[in-house]
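Below is one structure, written out as structure tokens; the observations come after it.
The values are calculated or read from the model by the stated rules, or taken from the named source; none is laboratory data. Just so it is clear, the structure is predicted and the values come from calculations on it, not from any experiment. Here Cβ is always computed from backbone atoms with ideal geometry, including for glycine, and neighbour counts include all displayed protein chains.
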Amino acid sequence: MPTQAELLAIADQVLVKNYRQQPIVLERGRACEVWDRGGTRYLDMTAGIAVCGLGHAHAAFTARVTEQLLRLVHVSNLYFNDQQILAAQAIVERSFADRVFFCNSGAEANEGALKLARRYQHVIAESPHRTTIISTHGSFHGRSVATVSITGQPKYRDGFGPLFGPVEFINYGDLEAAEQLLRPMTACAIIVEPIQAEGGIIVAPPGYLAGLRKVCDETGTLLIFDEVQTGIGRTGRWFGHQHDDVEPDVMTLAKGLGGGVPIGAVACSEKAARGLAAQPGGAVPHASTFGGNALACAAANAVFEIIEREGLIERVNQAGQYLATQLAELIAEFPGHATEIRGRGLLRGLVVSGSPVQVVARCREKGVLLSVAGDKVVRFAPPYIVERSEIDEAVGVLRAVLAEGVGK
């Protein structure tokens, strides 16, 4: 069996060097802990970038996915499969949505939402001139050509032109700017995140999402909420926009939906769903070979069932409040280095004055895995099952790193 050093050497030779992975090879996990090939234990406070809400090797989740492996993995969308239907029902029952389209990732979900919006305006609303997508500065919507085109961070778009368009960007939270672009009724859709996660854990200002809903209703613009990172209980509600008591026309999901098994979804109202509905005698307007795969949907069904059975949404709220309280102590202790707490539930960020990359690297050396959001934020997105003692451990390590002046 190759050692960790040997595996890292092989990786250096065979993998495309697009990532900047930290120099450890993880091979197993349990709850909120993971171990690398050398046997070093880490406390996982990032959960695969807000994916593994149930933690690692959850017994009931593992049993459900294993059972499905022994029954049926894949049949394509030439046929229905039972898990796909039940997973769609689970989303519909917990959200505004009437219908669901399944795919494999957040980028695919957002790509599907863009196609839905374009075709809705062209075919259903008979407004083919309405092609512009409105997005926000600081947003992140994926890595495909279309979704990177609507991502409001130039660093992700550089070098990939010509891009999908037309796209217009406005400041996140600026309702007046949104109205100015939507009132001429040339926009196809506007897409926003209830919390800009990769943009730095920025929560939508009060009234912003409701204001977007109002102006979209008045102008016939489709409202898309990107819930790839905020959905499936991460913020202390099933979906992040539910904190604002607002319903979109379309919602995109991925990450936490499959508990670590890749799956994405486009959830939409009956009206918006017409944008992807096949016309008599016409071609199938959108499809995915693996989307709605029986194995992935069984994983999603297990996630929904376990979250409810174990009361994990309430646990997210309680743990999230406790984490926020502990992080607030760091601001008091290190006023020049830690400056602000952001987020909801178990999607939290601590703004630091220097380099969050250096802070995260040092925390890893001390046994805690965190991640970076935006240019100044250390992100916490632990599993929903995280214990207070584990939050104490993680914050304690971060406290020690800040005390060392790392990244300052």
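In the set Pro280, Pro335, which member is part of a loop (DSSP other than H, G, I, E, B), more than 27 Å from Gln21 (Cα to Cα) and outside the structural domain of His122 (by TED's automatic domain parsing)? If you could, list the steps in order and put the result at the bottom.
Working: Pro280 fails: outside the structural domain of His122 (by TED's automatic domain parsing).
The unique qualifying residue is Pro335.
Just for the stretch 16-39: of the residues that are touching a residue at least 40 places away in the same chain (Cβ under 8 Å) and touching a helix residue (DSSP H, G or I) at 6+ places or on another chain (Cβ under 9 Å), which one is farthest from Val378 (Cα to Cα)? Full working, then the answer.
Start the filter on the stretch 16-39 by keeping residues that are touching a residue at least 40 places away in the same chain (Cβ under 8 Å), which leaves 22, 24, 31-32, 34.
When the remaining residues are screened for being touching a helix residue (DSSP H, G or I) at 6+ places or on another chain (Cβ under 9 Å), the result is 22, 24, 31-32.
Numbers: Gln22: 15, Ile24: 19, Ala31: 22, Cys32: 18 Å.
The residue in question is Ala31.
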Could you give every pair whose Cβ atoms fall below 8 Å, whose first residue belongs to the stretch 346-368 and is at positive phi, and whose second residue is surrounded by fewer than 24 Cβ atoms within 10 Å (Cβ to Cβ) and at pLDDT 95 or above, counting only separations of at least 6 or pairs across chains? Gly367/Thr40; Gly367/Arg41; Gly367/Tyr42; Gly367/Leu43; Gly367/Val397
Within the stretch 331-340, of all residues that are surrounded by fewer than 20 Cβ atoms within 10 Å (Cβ to Cβ) and of a type in the set (A, V, I, L, M), the one nearest to Val395 (Cα to Cα) is Ile331
Can you report the number of residues in the stretch 313-329 which are within 18 Å of the chain's Cα centre (by Cα) and hydrophobic (A, V, I, L, M, F, W, C)? 2
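Considering only residues of the stretch 116-146 that are assigned to a strand (DSSP E or B) and not small (Gly, Ala, Ser), which is nearest to Ile202 (Cα to Cα)? Steps first, please.
Step one: filter the stretch 116-146 for residues assigned to a strand (DSSP E or B), giving 132-136.
Now drop any that are not not small (Gly, Ala, Ser), which leaves 132-134, 136.
Values: Thr132: 25, Ile133: 21, Ile134: 18, Thr136: 12 Å.
Filtering first and then ranking leaves Thr136.
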So which of Val51, Val34 ends up being surrounded by 18 or more Cβ atoms within 10 Å (Cβ to Cβ) and in contact with a strand residue (DSSP E or B) (Cβ under 7 Å, 6 or more places away or on another chain)? Val34
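Let's see how each residue does on (1) crowded, with 24+ Cβ neighbours inside 10 Å; (2) closer than 30 Å to Glu390 by Cα; (3) in contact with a Lys or Arg (Cβ under 6 Å, 6 or more places away or on another chain); (4) assigned by TED's automatic domain parsing to the domain that holds Val203:
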site	(1), (2), (3), (4)
Val261	no, yes, no, yes
Gly264	yes, yes, no, yes
Ser269	no, no, no, yes
Asn317	no, yes, no, no
Within the stretch 1-111, considering only helices (runs of 4 or more DSSP H) that don't extend past its boundaries, which have at least 2 residues that are at pLDDT 95 or above and among the basic types (Lys, Arg)? 59-71
The stretch 347-384, residues that are hydroxyl-bearing (Ser, Thr, Tyr) and under 14 Å from Ala50 (Cβ atoms): Ser371, Tyr384
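Among the candidates Glu305, Glu247, single out the residue that is modelled with pLDDT of 95 or more, part of a helix (DSSP H, G or I) and among the acidic types (Asp, Glu).
Details: Glu247 fails: part of a helix (DSSP H, G or I).
Every option except Glu305 fails the conditions.
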Run down Ala265, Ala272 and say which single residue is outside any loop (DSSP other than H, G, I, E, B), within 30 Å of Val73 (Cβ to Cβ) and touching a residue at least 60 places away in the same chain (Cβ under 8 Å). Ala265
Within the stretch 108-136, which residues are under 17 Å from the mean Cα position of the chain (by Cα) and without any contact (Cβ under 8 Å) to a residue 60 or more places away in the chain? Glu111, Ser135
Kindly provide the set of residues from the stretch 1-15 that are closer than 22 Å to Ala361 by Cβ and without any contact (Cβ under 8 Å) to a residue 24 or more places away in the chain, ordered by number. Ala5, Leu8, Ala9, Ala11, Asp12, Leu15
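For the stretch 376-390, does any single residue satisfy the condition of being part of a loop (DSSP other than H, G, I, E, B), of a type in the set (Val, Ile, Thr) and assigned by TED's automatic domain parsing to the domain that holds Gly53? Break it down into steps so the answer makes sense when it comes.
Let us first name the residues in the stretch 376-390 that are part of a loop (DSSP other than H, G, I, E, B), namely 376, 381-387.
With of a type in the set (Val, Ile, Thr) added as a condition, the list becomes 385-386.
Imposing the further condition that a residue be assigned by TED's automatic domain parsing to the domain that holds Gly53 reduces the set to 385-386.
The answer is yes; a qualifying residue exists.
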From the list Val401, Val378, Val395, Val368, pick out the single residue that is β-branched (Val, Ile, Thr) and farther than 18 Å from Ala324 by Cβ. Val401
